[in-house]
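Here is the structure we will look at, set down as C-alpha cells.
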Amino acid sequence: MKTIQELQADIVDEFSVFTDWMDKYEYLIELGKGMPLIDEKDKTDDHLIRGCQSRVWLSCRKEDGRLHFAADSDAIITKGIISLLLKVYDGQTPEDILAADEGFLEQIGLKENLSPTRANGLVSMIQTIKDYAANLREKPAEAPRADASRDLQDDVIAALRNVYDPEIPVNVYELGLIYEIQAEPDGQVFIKMTLTAPNCPIADEVVAQVQEAVADVPGVKDVQVELVFEPEWTVDRMSEEAKLELGML
Amino acid sequence: MDIRNEFPALEQQAYGRPLVYFDNAATSQRPRSVLEMQQRLGVEANANVHRAIHYLSGEATERYEAGREAVRAFINAPARENIVLTSGTTASVNLVATCFCARYLRAGDRILISEAEHHSNIVPWQLACERHGASLEVLPVDEAGELSVEELERRLSAAEGCIKLLAVTHISNILGIVNPVAEIVAVAHKHGVPVLVDGAQGIVHAPVDVQALDSDFYVFSGHKIYAPTGTGVLYGKREWLEAMPPYMGGGEMVDTVTFEKTTYAPLPLKFEAGTPNFTGAACFVPALECARAIGEDPALQDAQRAMRDYLLEELPKIDGLRLYGTPREKAHKIPLFSFTVEGAFPADLAQILDKMGFAVRSGHMCAEPLLRRFGQTSMLRASLAPYNTLAECEAFVKALRRAVNMLR
C-alpha cells in the first residue's frame with residue numbers, strides 16, 4: 001500500500017487541476033457526500049469532537065498493527081476535508097501516523113480550514129487521530145515499579161493527556177489546567193483543576209471528561225474533581241510543548 | 001447623507017470580490033468621524049482621567065465625560081449619575097448580576113429571564129443564582145419567536161414575590177423581533193419586580209428613551225452602534241445604583257482609603273474602578289451623532305424597511321428555507337434574519353458565501369437554549385445595518401441560492 005507521503009502527493013496532484021475555489025469546494029462536497037459514515041452506534045459522545053460551528057465524530061480500530069478510522073460531521077465541507085485526512089491515514093501504522101504532518105492541506109489551499117478560530121472541530125480531530133496513534137503504538141513492556149501510588153499517579157497523568165478543551169488542540173494537562181493530583185494507593189484520586197475562563201459554557205463538560213478519563217484508569221476506585229478559579233489560570237501555566245503547539249513560542 | 005462614503009470599511013474587497021458586510025449584529029463598522037477621533041485623541045488627549053491636575057489629563061477627562069453626556073442625551077437619562085461606562089453589554093450585565101444580587105437576592109428567590117436571551121444575559125444570572133442559592137426561571141417564546149405579556153403576568157402572579165428581577169432582551173440577536181419592553185416593564189413593576197433590558201441590538205434598531213420605558217436598568221455595547229470595541233453602558237435608576245455595593249475595587253472608585261475603612265466615590269465613578277477605556281468612551285460623541293443622523297434621515301429609514309421587506313419576501317421562496325423570528329406585525333421585525341435551509345448545513349453555507357464576499361454568521365450564535373427551542377444546533381444569520389443596500393440584498397439572495405444548490 002502507498003505511504004502517507006505518496007497519498008498526500010496524490011491529493012496535491014488531484015487538486016492542481018482546480019483553477020478556482022468553487023471547483024475545489026464542489027469536489028470537497030462530493031467527497032463529503034461519498035464518505036462512508038461512521039456506524040450510527042459509534043456516533044456517541046465518546047467519539048464526538050465539538051466545535052462551535054460544526055461537530056465531528058471519529059472512531060478508530062486497530063487491525064494487524066494498522067489503524068482504521070470512520071468519521072462523520074454535520075458540515076459537509078468539513079466532512080470533505082476529513083475524507084482527505086482519512087484517505088491519508090486510514091490503514092497506516094501508528095508510528096507512521098505520528099511521524100506525518102498535514103502540510104499538504106496548506107499546499108492545496110485549505111489551510112484556513114485548520115485555523116482554531118474556525119472552530120469546526122478539524123484541529124481537534126487531527127489531534128485525536130494522533131492520540132489514537134500514540135495510545136495504540138506497540139509499547140515495550142515497562143518494568144513494574146515498587147511505589148504503587150506513584151505508578152497510579154503517572155497513569156492518571158497519562159489519562160489527563162487525553163482530555164481536551166474542545167476549542168484548543170492541547171490537552172488539559174499540558175495546558176496547565178490541572179493544579180493538583182493526589183492518587184492514593186487504595187485507588188482514591190483527588191484532582192484540583194481550573195479552566196481557561198470562568199464563564200466557559202462547556203465547563204461542566206470538561207470536568208465530566210476529566211472525571212470519566214480518570215475513572216477509566218485501571219486501579220482507580222473513586223475520583224473527586226474540584227473546580228477552582230483561584231489562582232487564576234494564565235498562559236504561563238502552559239508547558240513549553242503546549243506553547244509551541246499553539247504557535248506562542 | 002451619503003452613508004456609504006462615511007464608512008470606509010465598506011470599500012474593501014474579500015477574495016477579490018466586493019465585501020458585503022451582513023454581520024452587523026455582531027459588530028458594526030465605524031464611520032470616519034469615529035476613526036478620526038480615535039486617532040486624534042491618541043495625540044491630543046492621552047492622559048489618565050479623573051486623576052491629575054495637568055492640562056492633558058483635563059482634556060482627557062473632559063472628552064470622557066463628554067462621551068458620557070452623549071450617552072445620557074441619546075437615551076434621555078435624567079443625569080450623568082445614571083450612566084456607568086463599562087467595557088460592553090456583558091460587563092454591564094455582570095455588574096448588575098453581581099452587585100444587585102449581592103444586595104437583594106436570597107436563597108429560594110428567583111430571577112426571571114426570557115428564552116430568547118444571549119448567553120451574556122443568561123450565564124451571569126446563573127452564576128448569581130448559584131452564589132445565593134436562588135434559581136432561574138425562563139419565560140418561553142412562541143413559534144413565531146414572540147414573548148407573551150399574558151404569560152409574564154401569570155408567572156409573576158404565581159411567583160408571589162419570589163422573583164427579584166426580570167432580565168429581558170429588547171431585540172433578540174437571533175430573532176430580530178422588537179419585544180414589547182415598555183409593556184413588559186409596566187407589568188413587572190405592577191408586581192414590584194425591577195427589570196433589566198438588554199439593549200445590545202435594541203439601541204441600534206429602536207428609539208430608546210429610558211425615562212419613557214421606565215426600565216430599572218438598560219445595558220448596551222458601543223461597538224454595535226459605530227463606537228470602538230471595549231465600550232459599553234449601564235444605565236441604572238439612581239436608587240438602585242446608590243443601594244448596590246461597588247463592583248470592582250481599585251483606583252478612581254474611592255473617596256478616602258485607610259486600611260480600616262474605605263468610603264466610595266459618588267455615582268457613577270463608584271462603579272468605574274481602574275483606568276477606563278477613555279478614548280473609546282469619548283468616541284460615543286461622534287458615534288451617537290452618526291446614529292442620530294441616521295435615525296433622523298427618512299430616506300435611510302425607508303431604505304432599511306425596503307431591505308427588510310425584500311428579504312422577508314424573498315428568503316422564504318428558497319426551497320426548504322425556514323426563517324426564525326416572524327412576528328405577527330411586520331413593523332416589529334428588524335432587518336436581521338436567522339434561518340436554516342434543509343439539506344445545507346449553516347457552516348457550509350457560511351463558508352461558501354464567504355468565498356463569494358458575503359460576511360454572515362453561522363453557528364449557535366451565543367444563544368444555544370433558543371436554538372434548541374427551535375430544534376436546531378446551528379443557524380445562519382444575515383444582519384443588516386443602515387449602510388447596506390437593496391442591491392446587496394439582491395446579490396445575497398442569488399448567492400445563497402447558488403450555495404444551496406452546490407450543497408444539495
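Within the bounds of the stretch A:65-82, is there any residue that is within 14 Å of another protein chain (Cβ to nearest Cβ), surrounded by fewer than 22 Cβ atoms within 10 Å (Cβ to Cβ) and either over 27 Å from B:L380 (Cα atoms) or in contact (Cβ under 8 Å) with a residue 12 or more places away in the chain (or both)?
Here is the first cut: in the stretch A:65-82, the residues within 14 Å of another protein chain (Cβ to nearest Cβ) are A:72-82.
So of that shortlist, the ones also surrounded by fewer than 22 Cβ atoms within 10 Å (Cβ to Cβ) come out as A:74.
Those left that are additionally either over 27 Å from B:L380 (Cα atoms) or in contact (Cβ under 8 Å) with a residue 12 or more places away in the chain (or both): A:74.
Within the stretch A:65-82 (the criterion being within 14 Å of another protein chain (Cβ to nearest Cβ), surrounded by fewer than 22 Cβ atoms within 10 Å (Cβ to Cβ) and either over 27 Å from B:L380 (Cα atoms) or in contact (Cβ under 8 Å) with a residue 12 or more places away in the chain (or both)), the answer is yes, since at least one residue qualifies.
For the stretch B:129-174, name all the residues that are touching a strand residue (DSSP E or B) at 6+ places or on another chain (Cβ under 7 Å) and either in a loop (DSSP other than H, G, I, E, B) or within 14 Å of chain A (Cβ to nearest Cβ) (or both). Please lay out each step first, then the result.
Here is the first cut: in the stretch B:129-174, the ones touching a strand residue (DSSP E or B) at 6+ places or on another chain (Cβ under 7 Å) are B:129, B:134-139, B:141, B:145-147, B:151-152, B:155-156, B:159, B:162-171, B:174.
Matches in the stretch B:129-174: B:A134, B:G145, B:E146, B:C162, B:H170, B:I174.
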Open item on the list: Looking only at residues that are touching a residue at least 40 places away in the same chain (Cβ under 8 Å) and loosely packed, with under 15 Cβ neighbours inside 10 Å in the stretch B:1-17, which one is nearest to the other protein chains (Cβ to nearest Cβ)?
Closed with: B:Y15
Task: Candidate set from the stretch B:369-398 (those that are within 24 Å of B:E11 (Cα to Cα) and basic (K, R)); member that is nearest to the other protein chains (Cβ to nearest Cβ) - done: B:R381
Task: The lone exception for B:E117 - which of (1) away from every other protein chain (no Cβ under 14 Å); (2) within 20 Å of the chain's Cα centre (by Cα); (3) in a loop (DSSP other than H, G, I, E, B); (4) not hydroxyl-bearing (S, T, Y) it fails - done: (1)
- [ ] Might you check whether a residue that is touching a residue at least 12 places away in the same chain (Cβ under 8 Å), within 14 Å of another protein chain (Cβ to nearest Cβ), closer than 30 Å to B:P124 by Cα and small (G, A, S) occurs anywhere in the stretch A:203-224?
- [x] yes
Task: First in the stretch A:19-33 and more than 10 Å from chain B (Cβ to nearest Cβ), second anywhere and surrounded by fewer than 15 Cβ atoms within 10 Å (Cβ to Cβ), Cβ under 9 Å, 6 or more apart - done: A:D23/A:V17; A:Y27/A:E14
Task: Residue satisfying all of: in the stretch B:369-404; in a helix (DSSP H, G or I) and modelled with pLDDT under 95; surrounded by the most Cβ atoms within 10 Å (Cβ to Cβ) among these - done: B:L370
Task: Residues of the stretch B:327-343 satisfying the condition of being over 24 Å from the mean Cα position of the chain (by Cα) and modelled with pLDDT of 95 or more - done: B:V341, B:E342
Task: Among (1) assigned to a loop (DSSP other than H, G, I, E, B); (2) more than 14 Å from every other protein chain (Cβ to nearest Cβ); (3) not polar (S, T, N, Q), the one test that B:C366 misses - done: (2)
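If we keep just the residues of the stretch B:295-351 that are within 14 Å of chain A (Cβ to nearest Cβ) and of a type in the set (A, V, I, L, M), which is farthest from B:D2 (Cα to Cα)? Give the steps one after another, and end with the answer.
Taking the stretch B:295-351 first, the residues within 14 Å of chain A (Cβ to nearest Cβ) are B:340-351.
Now narrow it down to the ones that are of a type in the set (A, V, I, L, M): B:341, B:344, B:347, B:349-350.
Numbers: B:V341: 35, B:A344: 37, B:A347: 34, B:L349: 32, B:A350: 30 Å.
Going through the qualifying residues, I end up with B:A344.
Scanning for something of a type in the set (S, T, Y), on the phi < 0 side of the Ramachandran plot and within 13 Å of chain B (Cβ to nearest Cβ), does the stretch A:46-56 turn up at least one residue? Explain how you work it out, then say what you get.
Just the residues of the stretch A:46-56 that are of a type in the set (S, T, Y), to begin with: A:54.
Then keep just the ones that are on the phi < 0 side of the Ramachandran plot; that gives A:54.
So of that shortlist, the ones also within 13 Å of chain B (Cβ to nearest Cβ) come out as A:54.
There is at least one residue in the stretch A:46-56 that is of a type in the set (S, T, Y), on the phi < 0 side of the Ramachandran plot and within 13 Å of chain B (Cβ to nearest Cβ).
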Open item on the list: For the stretch B:56-86, which positions are buried (at least 19 other Cβ atoms within 10 Å of the Cβ) and among the small types (G, A, S)?
Closed with: B:A60, B:G67, B:A70, B:A77
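Restrict the check to the stretch B:258-278 and report whether at least one residue is among the polar types (S, T, N, Q) and crowded, with 22+ Cβ neighbours inside 10 Å.
Our first condition is that a residue be among the polar types (S, T, N, Q); within the stretch B:258-278, this holds for B:258, B:262-263, B:275, B:277.
The next check asks that each one be crowded, with 22+ Cβ neighbours inside 10 Å; those that pass are none.
No: the stretch B:258-278 contains no residue that is among the polar types (S, T, N, Q) and crowded, with 22+ Cβ neighbours inside 10 Å.
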- [ ] Can you run down the residue pairs with Cβ atoms below 6 Å, 6 or more apart or on separate chains, where the first is in the stretch A:38-60 and closer than 23 Å to B:Q376 by Cβ and the partner is among the hydrophobic types (A, V, I, L, M, F, W, C) and part of a loop (DSSP other than H, G, I, E, B)?
- [x] A:G51/A:A119; A:C52/A:A119; A:Q53/A:A119; A:S54/A:A75; A:W57/A:I38
Task: Any pair with Cβ under 7 angstrom, 6 or more apart, that starts in the stretch B:210-238 at a residue that is buried (at least 23 other Cβ atoms within 10 Å of the Cβ) and ends at one that is among the basic types (K, R) and assigned to a loop (DSSP other than H, G, I, E, B) - done: B:D216/B:K237; B:Y226/B:R30
Open item on the list: Quick check on the stretch B:329-341. Is at least one of its residues surrounded by 24 or more Cβ atoms within 10 Å (Cβ to Cβ) and assigned to a helix (DSSP H, G or I)?
Closed with: no
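Of the residues B:L321, B:L267, only one is under 26 Å from B:L370 (Cα atoms) and touching a strand residue (DSSP E or B) at 6+ places or on another chain (Cβ under 9 Å); which?
Working: B:L267 fails: under 26 Å from B:L370 (Cα atoms).
B:L321 is the lone residue from the list that is under 26 Å from B:L370 (Cα atoms) and touching a strand residue (DSSP E or B) at 6+ places or on another chain (Cβ under 9 Å).
The values are calculated or read from the model by the stated rules, or taken from the named source; none is laboratory data. Remember, predicted model here, so these are calculated numbers, not experimental data. All Cβ positions, glycine included, derive from the backbone under ideal geometry; neighbour counts span all protein chains shown.
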